[in-house]
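Heads up: the structure comes next, in structure tokens.
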Amino acid sequence: MVDIDRFYEMLNEVCDELPDDFFRELHHGVHLSEDYKPSPYAENGDMVIMGEYSRSGQGNKITIYYGSFARTCGWMTDEQLKDKLREIVRHEFRHHMENLAGMYGADSLEHEDREEIKDMIYARMESKGK
């Protein structure tokens, strides 16, 4: 796994690929956290938060969790890691763009994420015979 300084460079490279308009009203930009962040639905580390879009009265921001990448993607080559980082960053930017457009319904990424979590929890329960 690359160190956090190289990961930060990769994050900047991935963000530089995006149009300037994507950063409109992203008041606090893209923040890199050293933290590992398990999902609140995790059991034994089976669900990890790699990135997060947040909106509040203080503004909008995207947080990328280096610790989550280090723990789950440490085996990847630099190129694979950058591709995964790109995937997560674009996912979080889609949340941002949908927020700006006022899109929160059944067609939103937020809805898709909730459904994916439900499916993962259901699959976990099935594997346990519940």
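Throughout, read-outs are computed from the coordinates displayed, never taken from laboratory work. As the structure is a prediction and not an experimental result, all values here were calculated from the model. For neighbour counting, all protein chains shown are included, and Cβ atoms are generated from backbone atoms with ideal geometry for every residue, glycine included.
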>> Looking at the chain as a GNM with Cα springs under 10 Å, which of I88, I49, I117 has the largest mean-square fluctuation?
In response: I117
> What aspartates and glutamates could a cross-link reach from K128, if we take a straight Cα to Cα line under 13 Å and drop same-chain neighbours fewer than 8 places away?
Replying inline: E43
> Which lysines have a Cα less than 29 Å from the Cα of K61, not counting those fewer than 8 places away in the same chain?
Replying inline: K37, K82, K84, K118
> Say each of D21 and D119 gets a label point 7 Å from the Cα, pointing the same way as Cα to Cβ; how far apart are those two points in nm?
Replying inline: 3.0
> Most exposed first by the Cβ proxy, i.e. fewest other Cβ within 10 Å, how do M125, M120 rank?
Replying inline: M125, M120
> M1 to E112: FRET efficiency via 1/(1 + (r/R0)^6), r the Cβ-Cβ distance, R0 30 Å, to the nearest 0.05?
Replying inline: 0.60
>> Restricting to DSSP H runs of at least four residues, report the calculated mean residue ellipticity at 222 nm for the chain, -39500 (n - 2.57) per run over all residues, nearest 500 deg cm²/dmol.
In response: -16000 deg cm²/dmol
